[in-house]
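> Supplied in structure tokens, the structure appears directly below.
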Amino acid sequence: MRASKTIAVLIILFATYLLFIKNSLGNEIIEANEILPEGWKIKSIYIEDFPYGYLQQKDHDGIHIYLAGTTEVEDKGNLKTTESISLWLMPLEYKGEPVPQPGTPEMAARFIGKTTKYKLFAKATYKIPTWQNWKDDLIKYYKISNEDKRQIVLEMIDRKAMRDTMPEPKVITFEEYIKTKDKYILKMRNYKPGYALTYEEKSGDKPGGYWLTLESFDDKWVWIADLRQYKSKGWDWIGRFQIERNSQVDEEFQINSIIKARSQIIGGVRYGMPVGEVISMKGEPKEINVHQEGGSADLIYDDVIVSVRQWVQRNNTTGRVIGVKPIKN
């Protein structure tokens with residue numbers, strides 16, 4: 001009898017704790033069943049957890065919700081498993097620093113976005129046949145804003161492999177960035193101010209390239225990418241940094257020069273213009289130089305060369321302009 005009473009008390013305490021979590025982080029966490037496809041369910045909820053592939057942060061643990069589907073799939077190692085998604089709802093104060101190693105683990109959780117209450121991370125099986133739009137559904141359900149006023153400088157982050165493994169940035173001071181920069185400079189034999197921060201260092205028998213560069217910026221912040229090249233066109237994230245803008249930061253990264261260059265209209269074309277708008281205005285290009293990387297090309301007109309990304313040749317309405325150069329006769 002005493003054991004039964006003890007178990008009953010524990011169940012009540014646990015239910016009370018879940019109710020506290022529900023009230024403090026929002027009903028949508030526990031009631032996420034509302035958006036699940038038929039057959040899917042919340043299989044388990046773990047408290048005081050943190051995203052796979054990221055460091056635990058003291059006093060900033062979150063909730064791990066494990067969602068399970070119904071279909072058997074193969075993972076990247078050809079092992080049988082059931083389609084599933086793990087969600088982590090973390091406090092806004094959680095920094096999301098990746099596990100310290102060369103690059104972020106391939107199967108680490110992805111940062112989906114943040115709301116007014118928490119940051120959302122997710123990790124899914126390699127294939128999810130019965131819920132292919134899971135990410136869009138979660139963004140809509142948790143009311144995550146996709147509005148992003150950042151200007152991208154490192155254009156290759158639009159690659160799926162780069163986006164899928166992109167770590168949450170670590171907020172640092174400008175002085176801390178300079179220390180990282182100085183480490184690069186020490187390994188660059190011919191460094192000169194203004195040069196790209198790159199160097200090569202052998203890993204076994206093969207040289208590996210390292211790159212510290214401006215990734216993007218908005219009205220308040222700059223984001224810096226720290227990357228390692230392991231093969232041609234193949235890069236791993238070492239980390240990302242986020243620095244608050246001021247006059248010193250703007251001068252270091254030539255922010256005003258970038259803004260000025262992108263505001264120019266050359267041959268009627270400006271940075272960020274949709275490719276469809278360019279072709280509607282200027283007609284079909286007389287020549288197209290397709291780059292090795294998919295979706296990247298130069299559209300050559302009589303007066304300008306228009307560099308584009310995310311472009312599909314058979315559908316000229318796709319893609320955007322990332323650069324315009326006048327043709328000198």
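> Where in the range 114-176 are there chymotrypsin sites (Phe, Trp or Tyr not before Pro) that are in a DSSP coil and have at most 16 other Cβ atoms within 10 angstrom of their Cβ? Before the final figure, lay out each step's value.
Details: sites: Tyr118, Phe121, Tyr126, Trp131, Trp134, Tyr141, Tyr142, Phe174; in loops: Tyr126, Trp131, Tyr142.
In loop regions of the range 114-176 (DSSP not H, G, I, E or B), the sparsely surrounded chymotrypsin sites (Phe, Trp or Tyr not before Pro) are Tyr126.
> GluC sites (Glu not before Pro), restricted to the range 221-304: which are DSSP loop and have at most 15 other Cβ atoms within 10 Å?
On the way: sites: Glu244, Glu251, Glu252, Glu277, Glu287, Glu293; in loops: Glu293.
Passing sites in the range 221-304 are Glu293.
> If the cut-off is 12 Å between C-alpha atoms, which aspartates and glutamates fall inside it for Lys143, apart from same-chain ones fewer than 8 positions away?
List returned: Glu28.
No lab work stands behind these numbers, since they all come straight from the coordinates. These numbers were taken from a predicted model, which means no experiment stands behind them. Cβ sites come from the backbone with ideal geometry, for glycine too, and all protein chains shown count toward neighbours.
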